[in-house]
Amino acid sequence: QIQSIEENSFIDLINLRSLNLSNNTQIKELKQKSIFTGLQNLNKLNISNNNLKLVEIDAFDCLVNLKELDLSTSFSSKFLKNCFDNIKSLEKLKFDFNSIKEINKCQNLLNNQSGSLKELEIKNTPG
């Protein structure tokens, strides 16, 4: 299992389109936007079945072409307000089976301000 993701870990993978980091329960934080530097062409990111305690507001900023993000069964604590705001191309967000208390922290995403979001899954999220 992966225990942490260092800054610039993916910097030379500019042609990568899909990244699956699921089932790495030791990954606890996504803190710097430089974690995903180099993945500007990534379309699909799966971070499901992890044990994230913290996601910083700019963690996904480098993922400008991301269309699908799966965060199902990943959060045991909190994510920072508007951490999805800069993913303007996001079409599908899976957020099922997470312990979140405030959905309004994703207000811009829920209002679909970018116009790209087509599918949002938030089932079974006990607060």
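So which residues in segment 71-120 are modelled with pLDDT of 80 or more and of a type in the set (D, E, K, R)? Correct list: 88, 91, 92, 94, 96, 118, 119.
Only strands (runs of 3 or more DSSP E) whose full extent lies in segment 1-88 are considered here, and the ones with at least 2 residues that are under 12 Å from the mean Cα position of the chain (by Cα) and buried (at least 18 other Cβ atoms within 10 Å of the Cβ) are 44-46, 68-70.
Every condition in (1) surrounded by 12 or more Cβ atoms within 10 Å (Cβ to Cβ); (2) modelled with pLDDT of 75 or more is met by residue 123 except one, and the failing one is (1).
The values are calculated or read from the model by the stated rules, or taken from the named source; none is laboratory data. Since we're looking at a predicted model, the values are computed, not measured. Neighbour counts are summed over all protein chains in view; Cβ atoms, including those assigned to glycine, are modelled from backbone coordinates with ideal geometry.
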